[in-house]
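Right, one structure below, let's go through it.
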Amino acid sequence: MNLTRREMLGSAAIVGGWMALGADAAFGANWQPSGGGDPYTLPPLPYDYADLEPHIDAQTMKLHHDIHHAGYVRKANEALAELAQVRVQGGDAVSRVRTLTDALAFNLSGHLLHSVFWSNMAKNGGGAPDPESRLASMIKRDFGSLAALKGHFNAAAGQVQGSGWGILAYEPNSQRLLVLEAEKHQNFSVWGVAPLMVIDVWEHAYYLKYQNKRSEYITAYWNVVNWANINERLEAAAGSAGQA
Ligand code: MN3
């Protein structure tokens, strides 16, 4: 996936707390409208269900992608369609805007984060970022070391109350990396950031294999991290800014 600054700036969507810094750049090529039909489509996994074994099991990957992620895509499309109906109907129907906007934020944020999540992982992943990469130098500058980032990220993901995400994001105003967490898919988000590396800590992401041991799942995640993808996302989001 080659992402350019132009593509990144090509569209900015503001959705439920996420400003997508360029749709393709932040979320991959398949999340956005493709002409006719539904605005959002489920991106295929970039690998086979079993490719992340033994760290993430094939059954979890299949259910997670084919059922859970697909559900967010479908419901985001439904929310948009219902909002369009409300605009036409007017009158009492307008009272549904708050509920539908909430549904749009939740489901579209879920779609976007899952799209990032799949691409953040790879068969034979793990290790560390290329030491020559912008990602490696920004991690060192903003966190001190990769180990410090991992400790911070693990804590954020581990401490999410209930269902949510751990997130490494690029914040364009300060041109820095931030570790964030999200409850559900959208709460605690920060305007304007580009999610670079995310981990889903909803129980559906790990319970079949790890049961209640979320921390073991988070530890295992580092064995499948696709650092090249994360650096690519950073390059697309940061462009010529913030050269570390
Ligand atoms: Mn999920």
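Tabulated data
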item	result
Cα gyration tensor, the range 84-195 - rounded (a/c under 1.5), prolate or oblate	prolate
Length gained when the stretch residue 240-residue 78 is fully extended (0.36 nm per residue, less Cα-Cα span)	54.5 nm
Cα centroid separation - the range 157-199 against the range 114-134, whole Å	17 Å
Cβ charges +1 (Lys, Arg) and -1 (Asp, Glu), total dipole of the range 134-240, debye	220 debye
Tail beyond 24 Å, pair distance distribution of the range 134-240 (Cα, percent)	21 percent
Qualifying chymotrypsin sites (Phe, Trp or Tyr not before Pro) for the range 141-244 [loop in DSSP, other Cβ within 10 Å: at most 11]	191
Surrounding net charge for residue 201, when Lys and Arg each add one and Asp and Glu each subtract one, Cβ distance under 11 Å	-3
Potential extension, residue 63-residue 137 segment - 0.36 nm per residue separation minus Cα distance	23.0 nm
Burial ordering of 193, 179, fewest other beta-carbon atoms within 10 Å first	179, 193
With eigenvalues of the C-alpha gyration tensor scaled by 5 and rooted, the range 42-128, Å	36, 11, 9
Gained length - residue 38 relative to residue 55, 0.36 nm times residue gap less alpha-carbon distance	2.7 nm
Simple label model, 7 Å out from Cα along Cβ direction - residue 155 to residue 95, nm	4.7 nm
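Each value in this text was obtained by applying a stated rule to the coordinates, not by laboratory testing. Here the structure is a predicted model, which is why all the values come from computation and not from measurement. Every residue, glycine among them, receives a Cβ derived from its backbone with ideal geometry; neighbour counts consider all protein chains shown.
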